[in-house]
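Undergrad: If you scroll down you'll find the structure; I have some questions about it.
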Amino acid sequence: MRILVTGGAGFIGANFLNLLVPRHREHQFVNLDALTYAANPRSLDPVASLPNYAFERADLCDFSGLRAVFARHQPEVVVHFAAESHVDRSIAGPRAFVRTNVEGTFNLLEACRELWTPGQGLFHHVSTDEVFGSLGATGRFDEETRYDPSSPYSASKAASDHLVRAWHRTFGLPVRVSNCSNNYGPLQFPEKLIPLMILNLLERKPLPVYGQGLNVRDWLYVEDHCEAIWAIIGAGQNGRTYNIGGRSEQRNIDVVKQLCHLVAEETGTPEAELLGLICYVSDRPGHDLRYAIDSSRIEAELAWKPRESFASGLRKTVRWYLANRAWIDSVRTGEYRRWIEQNYGSR
Ligand code: NAD
Ligand code: DAU
């Protein structure tokens, strides 16, 4: 199969490619990515020289560039990860979110519709549980839960989900949608809670917990998410939605305390010193209280379930950041942007 992955230089996309390209030499993978601030081509070092992998720098919002990539590679499957993904950034500047997540998804759907005859191809749309809004103290999101997004990010992802389903119902495009909970693991840009806290711990900087730290997220190790998407591509049904979660609900403050404990253990630092870095800061506007996913559909229909426990996944993640300081430094310095321009500027 010829598989086009969008956003493959970002956190989840790179983990997906690093997991699947070496395992599936019979498939050709093309990574289409605009290389925004959130991307790091070095995340793809394990697959960059494999014969079944190719990279195309392109912006989803440039329809003619997108068509050219489609004409060159003639994908049979599209796995759509590319997005602006950080909620806080969407509050500070929502325009890029509407542009990439809504217009970019629209362009991608149109490129597929142009290339594929009706009923041909497969479009897998990677989405989020944030489209469902906030839960109270009880309950879980299932595939029938009403959309009720709170942030510009989640509203733009909700809009993209609706476009994808409309292209299925109206034009017969074969689509599948997955809505997943919070991912964590290697290669995550250090603006998200877990890598941000790990790096601040290593540098003895304050650990900014929003509000009282009582918001709850359901955490899933990134490779478990990638395996779920691969299972849906392999055996899911067209027009169907699958919720993916880790059955691992945690309050933010508890996540931060576990990170203090792990970093203390792994670096031989007194835990009390690290716990002393916790500080409570102003809450995120529109902050959803709680997310929890009911993944019984994907578990029953596709025999998927998460392999990693939160305790073991979090330790692996801390160890990865400790062992990969060069990756971290590279995404945080101006040198990184210069390197991208030198290596990809002309593509
Ligand atoms: P990320 O921000 O780490 O990576 C996004 C990637 O998309 C980057 O490589 C970036 O360069 C690329 N991109 C952005 N705009 C683009 C454009 N206009 N054209 C082409 N490429 C562009 O994101 P992530 O955390 O890996 O998330 C991937 C997908 O999974 C997103 O759709 C996100 O909504 C969804 N998701 C994420 C999580 C999570 O916890 N991270 C959970 C559920 C769903
Ligand atoms: O639920 C899936 C979503 O998870 C994905 O769709 C998003 O792309 C992804 O970014 C993530 O969104 P969150 O807003 O839940 O993730 P974030 O890491 O930004 O924050 C997790 C929780 O931690 C949230 O309740 C806000 C809180 N937080 C976050 C940061 C960055 C803090 O308390 N302090 C912080 O500094």
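The values are calculated or read from the model by the stated rules, or taken from the named source; none is laboratory data. Remember, it's a predicted structure, so these values are computed and weren't measured experimentally. Every residue, glycine as well, gets a Cβ built from its backbone with ideal geometry; the counts of neighbours run over all protein chains shown.
Undergrad: Residue 253 versus (1) near ligand 2 (Cβ under 10 Å from one of its atoms); (2) at pLDDT below 95: which is the lone unmet condition?
TA: Of everything listed in (1) near ligand 2 (Cβ under 10 Å from one of its atoms); (2) at pLDDT below 95, residue 253 misses just condition (2).
Undergrad: If you take the residues of segment 40-64 that are without any contact (Cβ under 8 Å) to a residue 24 or more places away in the chain and of a type in the set (Ser, Thr, Tyr), which of them is farthest from residue 109 (Cα to Cα)?
TA: 49
Undergrad: Residues of segment 151-170 being within 14 Å of residue 122 (Cβ to Cβ) and more than 13 Å from ligand 1 (Cβ to nearest atom), which ones?
TA: Once the filter is applied, which keeps residues that are within 14 Å of residue 122 (Cβ to Cβ) and more than 13 Å from ligand 1 (Cβ to nearest atom), segment 151-170 yields 167, 168.
Undergrad: Out of the residues in segment 166-194 that are among the β-branched types (Val, Ile, Thr) and outside any helix (DSSP H, G or I), state the one that is nearest to ligand 2 (Cβ to nearest atom).
TA: 177
Undergrad: Another question, then. Which of the residues belonging to segment 1-54 are over 15 Å from the mean Cα position of the chain (by Cα), surrounded by fewer than 21 Cβ atoms within 10 Å (Cβ to Cβ) and among the β-branched types (Val, Ile, Thr)?
TA: Correct list: 47 only.
Undergrad: Report, by residue number, each residue of segment 124-140 that is in contact (Cβ under 8 Å) with a residue 24 or more places away in the chain and either acidic (Asp, Glu) or more than 10 Å from ligand 2 (Cβ to nearest atom) (or both).
TA: Within segment 124-140, 124, 125, 129, 130, 133, 134, 135, 136, 137, 139, 140 meet the criteria.
Undergrad: Which residue pairs have Cβ atoms closer than 6 Å, lie 6 or more positions apart in sequence or on different chains, and pair a first residue in segment 21-39 that is on the phi < 0 side of the Ramachandran plot and in contact (Cβ under 8 Å) with a residue 60 or more places away in the chain with a second residue that is aromatic (Phe, Trp, Tyr) and within 16 Å of ligand 2 (Cβ to nearest atom)?
TA: Sorted first by the residue in segment 21-39, then by its partner, the pairs are 38/189.
Undergrad: Sort out which residues of segment 291-330 are touching a helix residue (DSSP H, G or I) at 6+ places or on another chain (Cβ under 9 Å), assigned to a helix (DSSP H, G or I) and among the charged types (D, E, K, R), and write them in order of number.
TA: 301, 315, 319, 325, 329
Undergrad: Which one of these does residue 272 not meet: (1) assigned to a helix (DSSP H, G or I); (2) surrounded by 17 or more Cβ atoms within 10 Å (Cβ to Cβ)?
TA: All conditions pass for residue 272, except number (2).
Condition check ((1) among the hydrophobic types (A, V, I, L, M, F, W, C); (2) away from ligand 2 (no atom under 16 Å from the Cβ); (3) not in a loop (DSSP other than H, G, I, E, B)) across all residues:
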| position | (1), (2), (3) |
| --- | --- |
| 20 | yes, yes, yes |
| 29 | yes, yes, yes |
| 47 | yes, yes, no |
| 51 | no, yes, no |
| 60 | yes, yes, no |
| 78 | yes, yes, yes |
| 83 | yes, no, no |
| 100 | no, no, yes |
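Undergrad: The conditions are (1) over 28 Å from residue 250 (Cβ atoms); (2) surrounded by fewer than 20 Cβ atoms within 10 Å (Cβ to Cβ), and residue 116 fails exactly one of them. Which is it?
TA: (2)
Undergrad: Also, I was wondering about something else. Would you check which residues across segment 49-61 are over 22 Å from residue 153 (Cβ atoms) and in contact with a helix residue (DSSP H, G or I) (Cβ under 8 Å, 6 or more places away or on another chain) and list them?
TA: Hits for segment 49-61 are 50, 52, 53, 54, 55, 56, 57, 58.
Undergrad: Within segment 214-233, is there a residue that is modelled with pLDDT of 95 or more, within 15 Å of ligand 2 (Cβ to nearest atom), acidic (Asp, Glu) and within 25 Å of residue 309 (Cα to Cα)?
TA: yes
Undergrad: Sticking with this one: Among the candidates 288, 283, which residue alone is touching a Leu at 6+ places or on another chain (Cβ under 9 Å), assigned to a loop (DSSP other than H, G, I, E, B), within 28 Å of residue 90 (Cβ to Cβ) and in contact (Cβ under 8 Å) with a residue 60 or more places away in the chain?
TA: Being touching a Leu at 6+ places or on another chain (Cβ under 9 Å), assigned to a loop (DSSP other than H, G, I, E, B), within 28 Å of residue 90 (Cβ to Cβ) and in contact (Cβ under 8 Å) with a residue 60 or more places away in the chain holds for just one of 288, 283, which is 288.
Undergrad: Consider residue 222 carefully, then state whether it is touching a helix residue (DSSP H, G or I) at 6+ places or on another chain (Cβ under 9 Å), among the aliphatic types (A, V, I, L, M), over 30 Å from residue 118 (Cβ atoms) and within 13 Å of ligand 1 (Cβ to nearest atom).
TA: So residue 222 passes the test.
Undergrad: Residues 143, 130, 203: which one is touching a Lys or Arg at 6+ places or on another chain (Cβ under 8 Å) and either crowded, with 19+ Cβ neighbours inside 10 Å or modelled with pLDDT under 95 (or both)?
TA: Checking each option against the conditions leaves just 130.
Undergrad: If you don't mind, there's one more thing I want to ask. Which residues, counting only those in segment 280-294, are within 16 Å of ligand 1 (Cβ to nearest atom) and either acidic (Asp, Glu) or surrounded by 17 or more Cβ atoms within 10 Å (Cβ to Cβ) (or both)?
TA: Within segment 280-294, 288, 290, 291, 292, 293, 294 meet the criteria.
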